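Remarks on the structure that follows.
Any read-out appearing in this document is the output of simple, stated calculations on the displayed coordinates, not a laboratory observation. Quick caveat: nothing in here was measured; it's all calculated off a predicted structure. Glycine also receives a Cβ, built like all others from the backbone with ideal geometry; neighbour counts cover every protein chain displayed.
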Amino acid sequence: MCPIKCCHLKINQPDTDKLISSFIELGIVFNTLDYDVSNKDLFDKVYENNLYALNFENIALMYRTKYGIKSERDILHKNYSLVQSQPDAPLAAYVANNLSDYLDIILDHCDKLISDEETFALEIINNDYLMLDTKKRYIEYLTTEIKVISEVTDKELWTELLDQDIAQFSVENFVAYFKTHGMDEALVGYLNNEIPNHDFSKVADDFDNDLAVNLFNAVAMTNTIENEKYKNILVDLNYLFENYEFTDISDKKI
């Protein structure tokens, strides 16, 4: 493609179809566009045919001029949600065909804060064509709560959700994570950051008795769990040790 650094598209009575055909044939794309002085019919055709560079300035321009978006905060922090608000628009197709490049652009310009709606955040996180590091960076900036961690298909990313404190706390999420990753530091932090008194008494019924026993043992051996939550879970699970031989557990927990 032949990039044009700046273009006003300020042409009186242009032969729009002929110009667009020539731009396409020559591989011309416009790095920057000035909407205010551009011929609007020609601008629309440049937009519809994706004859502009996919950069943050142009993306923001299309939101303002074609989507009617006035919130600069939404453009910065909810960019992909804005794309998907008009899934049949030319910009949505342009982004879909260049999703990895688009996401790199957005992550570089979001001030390390993403607040996409959960549905669209999951689309990004579950996209098979995005690099794992890109997904992890997206999750690092994400402030949107993920209600059910099993909706994230790559279980490796569950740890990221817990570490970034964006996984909603639930017994179901806790047990699903434990079943996959065990009682690791991320899960302990997830539990300690939550208010106490969640009901773990139905784990055996809702999941599996062996899993409930394994959870009981794992909790009992984990000294870093806050005492009140430690007690609540063990009481809810309602198993007993015939011989208690763990040596690294505080006296208060015993």
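Tabulated values for the structure
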item	result
Angle between the chain longest axis and helix 227-237 axis [Cα atoms, degrees, rounded to 10]	80
Reciprocal of mean inverse Cα separation for the range 89-150 (Kirkwood radius, Å)	12.1
Under 5 Å, built H, 5+ apart or other chain: amide partners of Ile146	Ala167, Gln168
In degrees, nearest ten, helix 99-109 long axis to first principal axis of the chain (Cα)	80
Pairwise label distance in nanometres, Asn238 with Phe169, each label 7 Å out on the Cα-Cβ vector	2.3
Amide H partners (placed H, <5 Å) of Lys78, local residues excluded	Ser115
Order of Ser115, Ser71 - criterion: other Cβ atoms within 10 Å of each residue's Cβ, fewest first	Ser71, Ser115
Descending semi-axes in whole angstrom, ellipsoid equivalent of the chain, from the Cα gyration tensor	54, 15, 14
Modelled FRET efficiency - R0 51 Å, Asp41 with Glu145, Cβ distances, 0.05 increments	0.70
Förster radius 25 Å - calculated FRET efficiency between Asp101 and Ser71 (Cβ-Cβ, nearest 0.05)	0.55
Evaluated over the range 117-223, the Cα radius of gyration and Dmax, each in Å	14.3, 41
In range of the label at Lys252: residues from the range 206-231 whose backbone nitrogen is under 12 Å from the point 7 Å along Cα→Cβ	224-231
Cα-Cα pairs of the range 177-254 separated by more than 15 Å (percent)	56
Alpha-carbon gyration tensor eigenvalues x 5, square-rooted, for the range 1-96, Å	23, 14, 12
The range 41-122: equivalent-ellipsoid semi-axes (sqrt of 5 x gyration tensor eigenvalues, Cα, Å)	20, 13, 12
Using alpha-carbon coordinates, inclination of helix 132-141 to the longest axis of the chain, degrees	80
Neighbour net charge for Leu107 - beta-carbon separation under 14 angstrom, K R +1, D E -1	-2
MRE, 222 nm, helices only [DSSP H, n ≥ 4, -39500 (n - 2.57), over the chain, to nearest 500]	-14000 deg cm²/dmol
Around Ile20: net Lys/Arg minus Asp/Glu count, Cβ-Cβ under 15 Å	-3
